[in-house]
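Below is one structure, written out as structure tokens; the observations come after it.
The values are calculated or read from the model by the stated rules, or taken from the named source; none is laboratory data. Source: prediction; values computed, not measured. Neighbour counts are summed over all protein chains in view; Cβ atoms, including those assigned to glycine, are modelled from backbone coordinates with ideal geometry.
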Amino acid sequence: MEIGVRIVGFLLLIIDFITTPFYWIASRRHSKKKLPPIRDPLLLLSGTKLADLIRRKQVSSQHIIEIFIKRVKEVNPFLNAVVEDRFREAIEESKNVDRYLDGISNDDDLKKLEVEKPFFGVPISVKESCSVSGMSQSVGSLPRAGTKAINDCQAVANMKALGAIPLLISNTPELCLSWESTNLITGRTNNPYSMNRTCGGSSGGEAALIASGASVCGVASDIAGSIRIPAMFNGIFGHKPSSGISPIDGHYPTSTDENFSKFLTIGPLTRYSEDLKPMLKALAGNNAEILKLDEPVDLKDLKVLYMMEAGKSFVMIPVNRDIQGVMLKALNYLENQHNVKVEKAKFKEMEDSVEISVSVFFGMQDIPNMLRDENNPKHQKNVYIEFIKSILGLGSFSPHSLGFYLLHATNLFIPKTSYKSYCNQAKQLEEKIQRALGTNGVFLYPTFPIPAFYHNQVFTKPAGVLYTMIFNILGLPSTHVPLGLDSNGLPIGIQVVAARNQDRLCLAVAKELEKGFGGWVKPPMSA
């Protein structure tokens with residue numbers, strides 16, 4: 001435990017208490033806005049089901065692409081989630097799919113197509129940081145404005161090889177450096193369940209579109225909760241794969257530090273659990289074999305550990321009662337339906353998740369640095385001056401991303417001399433969790449302590465990320481599972497964690513909890 005970290009946490013709680021009423025007042029003008037209704041039932045199907053309909057020629061790929069384009073155009077004025085579209089190219093690619101299928105009449109060929117191209121003709125969306133050839137890859141950074149991706153990143157190439165058709169790229173915070181998706185190029189993305197609240201970050205644009213019925217599923221990335229937090233705030237499924245499973249080639253920002261590829265993963269965001277496995281297979285490419293995703297999971301043999309919160313501390317954000325309540329219901333459901341062994345975990349080290357995560361993460365040697373002068377790498381702008389300029393609207397960087405560099409500059413008041421100690425603690429905690437879970441255990445844990453907060457409250461609630469970031473540091477797989485809405489109509493849920501390369505356990509539990517609790521719930525829509 002670091003006293004400096006606790007003091008910062010205490011000060012943020014005080015500031016949050018004082019400022020919350022002002023955020024509430026400022027948010028009133030957006031509170032009554034609702035999305036247009038979903039009129040076409042095809043928009044409510046999973047990618048797996050759409051692919052099946054397309055293969056059997058019950059609906060054309062072109063028709064599917066066109067109705068999703070229409071839906072994007074309906075909701076984006078409310079969400080502001082699209083950075084750039086490729087609608088014209090997607091329609092042409094869908095026509096090629098339909099022409100190809102017109103030439104197939106043999107059932108064996110269709111079965112082969114199902115195996116080799118499970119997303120044949122299905123539209124997907126892609127987070128801007130994951131490059132799509134010819135599309136913007138500014139990633140919300142003004143100095144990078146106009147930057148276009150030369151090639152598809154490997155994960156997107158894998159999805160396209162299996163037949164998926166990218167429709168658009170979606171909004172992120174500047175260089176993915178915040179848990180609110182806003183930047184000085186595209187602006188701010190709203191939460192479909194309440195326009196006055198954040199959609200999360202950094203995969204916020206993706207999650208908002210999927211939850212709104214404007215995308216089937218999406219390619220996203222996660223280095224500190226960037227898949228799972230938006231998944232929770234928008235009521236959908238999000239999976240952070242085991243470390244090193246999904247290729248990150250073509251992702252921006254990047255780093256030469258070997259630990260970067262351990263912390264950053266590319267994974268799926270989906271509205272339905274049944275799309276998680278085929279998407280993970282596609283994104284992982286050749287590494288999918290390591291995960292043995294087709295090996296059946298018998299839930300009766302499952303061991304379930306859980307923790308309701310990271311620990312007892314007056315400086316931590318308390319876990320919302322609705323979230324605690326729904327976790328208890330999930331535990332009871334698994335216990336009653338499958339007679340699984342449920343046990344409270346004793347991972348006391350989770351109390352120090354902030355110190356472990358921040359110290360280990362900022363120990364990287366090549367953290368992406370937008371303040372560095374590209375013409376003179378030894379010179380960089382002063383983060384404190386730039387932050388003040390950004391608050392006054394005079395800067396070229398967003399205050400949200402500069403908040404990250406303020407944390408980096410101060411190291412959250414954790415002495416640099418503690419780095420090795422926290423690395424050792426991280427290693428010991430990983431080994432402890434691995435031993436406890438083995439090959440048949442999962443760990444149920446909050447994804448974030450509260451539902452989606454008001455826009456810009458991210459500055460007073462950064463400590464909530466301790467629930468997700470620790471699993472990036474430990475390299476463990478984690479799936480966010482939506483479990484309905486809270487008393488204010490906001491999505492809530494939990495994350496399911498497993499030992500390294502036991503991703504299939506996370507997905508199996510996600511599917512079972514969807515069966516028991518209904519999964520995704522439509523956001524409020526106008527009549």
Only unsatisfied item for Ile38, checking (1) assigned to a loop (DSSP other than H, G, I, E, B); (2) free of Cβ contacts under 8 Å to residues at least 12 places away in the same chain, is (2)
Mind listing whichever residues of the range 120-134 are within 21 Å of the chain's Cα centre (by Cα) and of a type outside the set (Val, Ile, Thr)?
Pro123, Ser125, Lys127, Glu128, Ser129, Cys130, Ser131
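Being surrounded by 14 or more Cβ atoms within 10 Å (Cβ to Cβ), of a type outside the set (Val, Ile, Thr) and not in a helix (DSSP H, G or I) narrows it down to one of Ser396, Ser401, so name that one.
Working: Ser401 fails: not in a helix (DSSP H, G or I).
After ruling out the rest, the residue left standing is Ser396.
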Mind counting the residues in the range 20-33 that are in contact with a helix residue (DSSP H, G or I) (Cβ under 8 Å, 6 or more places away or on another chain) and either at pLDDT 95 or above or in a helix (DSSP H, G or I) (or both)?
2
Residue hits (the range 410-466; of a type in the set (Val, Ile, Thr), part of a helix (DSSP H, G or I) and under 26 Å from the mean Cα position of the chain (by Cα)) are Ile433, Val458, Val465
Whichever residue in the range 198-228 is out of contact with any His (no Cβ under 7 Å at 6 or more places or on another chain) and among the charged types (D, E, K, R) and, among such residues, is farthest from Lys281 (Cα to Cα):
Glu206
Could you check, for the range 357-377, whether at least one of its residues is closer than 30 Å to Leu302 by Cα and under 22 Å from the mean Cα position of the chain (by Cα)?
yes
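Does Gly516 satisfy the condition of being in contact with a Leu (Cβ under 6 Å, 6 or more places away or on another chain) and modelled with pLDDT of 95 or more?
no
With the requirement that a residue be closer than 18 Å to Ala207 by Cβ and in a loop (DSSP other than H, G, I, E, B), what does the range 122-131 give you? Steps first, please.
Applying the first criterion (closer than 18 Å to Ala207 by Cβ) to the range 122-131 yields 123-130.
Once the filter is applied, which keeps residues that are closer than 18 Å to Ala207 by Cβ and in a loop (DSSP other than H, G, I, E, B), the range 122-131 yields Glu128, Ser129.
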Those residues of the range 1-15 which are outside any loop (DSSP other than H, G, I, E, B) and either among the β-branched types (Val, Ile, Thr) or surrounded by fewer than 17 Cβ atoms within 10 Å (Cβ to Cβ) (or both), in sequence order
Ile3, Gly4, Val5, Ile7, Val8, Phe10, Leu11, Ile14, Ile15
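Here's a check for you: in the range 54-112, which residue that is among the aromatic types (Phe, Trp, Tyr) and touching a residue at least 12 places away in the same chain (Cβ under 8 Å) is surrounded by the most Cβ atoms within 10 Å (Cβ to Cβ)? Steps first, answer last, please.
Residues of the range 54-112 among the aromatic types (Phe, Trp, Tyr): 68, 78, 87, 100.
Pick out the ones that are also touching a residue at least 12 places away in the same chain (Cβ under 8 Å) and you get 68, 78, 87.
Numbers: Phe68: 28, Phe78: 18, Phe87: 16.
The residue in question is Phe68.
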Of the residues in the range 485-504 that are of a type outside the set (S, T, N, Q) and within 15 Å of Tyr445 (Cα to Cα), the one that is surrounded by the most Cβ atoms within 10 Å (Cβ to Cβ) is Gly493
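Among the residues of the range 183-212, how many are farther than 22 Å from Ile492 by Cβ and in contact with a helix residue (DSSP H, G or I) (Cβ under 6 Å, 6 or more places away or on another chain)? Give the derivation first.
As a first pass, look at the range 183-212 and keep what is farther than 22 Å from Ile492 by Cβ: 183-188.
Narrowing further to those that are in contact with a helix residue (DSSP H, G or I) (Cβ under 6 Å, 6 or more places away or on another chain): 183-184.
Number of matching residues: 2.
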If Asp52 meets every condition in (1) of a type in the set (D, E, K, R); (2) under 30 Å from Pro462 (Cα atoms); (3) outside any loop (DSSP other than H, G, I, E, B) apart from one, which number is that one?
(2)
When residues of the range 370-386 are limited to those that are surrounded by 13 or more Cβ atoms within 10 Å (Cβ to Cβ) and at pLDDT 90 or above, the one nearest to Ile470 (Cα to Cα):
Val383
Scan the range 57-113 residue by residue and report those that are of a type in the set (A, V, I, L, M), within 30 Å of the chain's Cα centre (by Cα) and assigned to a helix (DSSP H, G or I).
Ile64, Ile65, Ile67, Ile69, Val72, Val75, Leu79, Ala90, Ile91, Val97, Leu113
Just to verify a result, which residue in the range 414-450, among those that are under 29 Å from Val139 (Cα atoms) and in contact with a helix residue (DSSP H, G or I) (Cβ under 6 Å, 6 or more places away or on another chain), is surrounded by the fewest Cβ atoms within 10 Å (Cβ to Cβ)?
Pro449
Taking Pro118 as meeting all but one of (1) in contact with an Asp or Glu (Cβ under 9 Å, 6 or more places away or on another chain); (2) surrounded by 19 or more Cβ atoms within 10 Å (Cβ to Cβ), write down the number of the exception.
(1)
